[in-house]
Amino acid sequence: MNSDTAAEDRAFFASLARPAIRDLRAYDPGHDLVALRREFAQRVPQQMLQNELIELGSNENPYGPSPRAREAALAAIDEMYRYPDPRGGDLKRALAATHDVDQSQISLGNGSHELLMHLAQVFAGPGVDVVLPQYGFAVFVIAARAAGANAVIVPALPADDAMPYGHDLDALLAAVTPDTRLLYVANPNNPTGTWYPADAFEHFIAAVPERTLVVVDEAYAECADAPDYASALALLGKHRNLIVTRTFSKAYALAGLRVGYAIGHPELIAILERMRESFNINNVALAAAEAALGDEAYLRTTLARNAEQRARLAEALRERGWRVSPSQTNFLLVEFGGATVAIEAALREAGVVLRPMGGYGLPGHLRISVGDENENRGLLAALDRIAGTVA
Ligand SMILES: *Cc1c(COP(=O)(O)O)cnc(C)c1O
């Protein structure tokens with residue numbers, strides 16, 4: 001096919017798509033890890049200081065899930081010929097007990113990504129504003145635009161704030177108009193790692209008009225241990241326009257199985273459920289998530305390790321002169337300035353994969369997932385090896 005034909009085909013199908021989709025840019029998942037792994041495996045082993053790629057680009061949990069989750073998943077494999085429970089009843093019961101809410105307040109998603117998209121499909125559309133933070137999670141703007149809504153992107157806190165590039169709750173509130181149906185925030189936020197204090201959000205949600213639904217994406221809530229951090233879940237009883245999303249992808253280490261959930265008012269959840277594909281969570285995922293949720297001791301151990309490694313890695317990077325944002329997550333946003341592109345490429349060449357931040361509008365930064373002790377040591381050693389050559 002020549003390029004004229006390709007361009008004509010592209011224009012043809014674009015003309016058939018809804019206007020909102022024509023200019024939409026798909027989510028950027030970062031590097032092609034499958035290709036990188038393959039390439040890395042083919043290199044001459046003695047050239048390399050480690051024989052496996054150190055993957056610190058996707059905020060995955062390096063400790064893996066609870067052994068109970070693995071056992072439950074393996075048992076559920078034998079049920080693959082059956083449809084999964086379309087209600088996800090057992091998992092919802094367990095979640096309701098964990099969070100002290102009613103099952104009718106929970107909707108399950110194929111990852112919380114799906115729920116963030118559905119919320120906009122249900123509550124936003126042409127002529128409607130969706131307010132979201134600059135340097136917020138990339139899915140927010142995709143969700144708003146895919147629904148045909150107007151994405152109102154509110155400037156983040158400045159670089160020299162105590163929470164660099166974090167959410168500016170005052171500015172977000174000021175951007176809300178009678179046309180704002182939906183507002184997204186993430187606490188803690190990806191890719192900045194920052195968070196906002198509990199009391200600031202209490203004032204914020206009390207001031208947001210009730211016809212604006214506030215979605216708080218708490219993908220990293222389990223990782224947060226700062227004294228001024230609090231989940232928005234405690235405020236659900238007070239504000240019927242509040243929705244909280246959570247995921248099994250991060251603290252519970254089940255990213256590959258795709259399970260997330262939203263908690264909100266039962267009537268809001270009932271409407272959201274109309275959008276859901278009946279069998280959106282497969283039976284292996286349902287079983288594994290329920291088992292993972294039940295293993296609190298394992299979760300606590302994982303989180304303690306993450307907190308310890310997060311502090312150590314941040315300190316080690318700061319000692320080397322790099323600016324590291326405060327983080328309540330399982331990753332660090334690090335400023336490498338003019339050396340960013342060269343450092344990222346050299347690290348990748350050395351087998352360490354980080355996430356470039358150009359797509360987020362932070363081209364002088366890299367996002368580094370906090371690995372286990374070995375991975376972090378490997379990253380720092382590779383950084384030290386390349387330091388003289390790229391700076
Ligand atoms: C990783 C992440 C998610 C989780 O996505 P899943 O679809 O549940 O895997 C949601 N929000 C933020 C901010 C994230 O970083």
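Odds and ends about this structure:
- Cα-based shape type of the chain, given that a ≥ b ≥ c are square roots of the gyration tensor eigenvalues and the cut on a/c is 1.5: rounded
- Of the trypsin sites (Lys or Arg not before Pro) found in the stretch 274-343, the ones in coil according to DSSP and having at most 13 other Cβ atoms within 10 Å of their Cβ are R274, R320.
- Accessible surface calculations at 1.4 Å, restricted to protein heavy atoms, place the stretch 67-294 at 41 Å² per residue.
- Percent accessible area from carbon and sulfur atoms, the stretch 126-237, protein chains only, probe 1.4 Å: 56 percent
- Bins of 10 Å from zero: percent of alpha-carbon pairs in the stretch 67-294: 8, 34, 36, 17, 5, 0
- Less than 5 angstrom separates the built amide H of V152 from those of V130, V131, L132, all sequence-distant by 5 or more or on a different chain.
- Share, in percent, of DSSP beta bridges within the chain that are antiparallel, nearest 5: 45 percent
- Long-range amide H partners of V352 with built H, under 5 Å: I54
- Averaging the Cα positions of each part gives two centres, and for the stretch 157-234 and the stretch 246-272 these lie 18 Å apart.
- Between K238 and E8, the contour length at 0.36 nm per residue exceeds the Cα-Cα span by 77.4 nm.
- Computed lengthening from A270 to N374, 0.36 nm per intervening residue step minus Cα-Cα distance: 32.9 nm
- Anisotropy class of the stretch 114-234 from Cα gyration tensor, a/c 1.5 cut: prolate
- Surface listing: E319, E273, E308 arranged by accessible area from highest to lowest gives E319, E308, E273, probe 1.4 Å.
- Global form of the stretch 188-300, assessed from the alpha-carbon gyration tensor, a/c cut-off 1.5: oblate
The values are calculated or read from the model by the stated rules, or taken from the named source; none is laboratory data. For clarity, every value in this text was computed on a predicted model and none was experimentally measured. Cβ: placed from backbone, ideal geometry, glycine included. Neighbour counts: every protein chain shown. All accessible areas refer to the heavy atoms of the entire protein, side chains included, with ligands and DNA or RNA removed. Shrake-Rupley method; radii C 1.70, N 1.55, O 1.52, S 1.80 Å.
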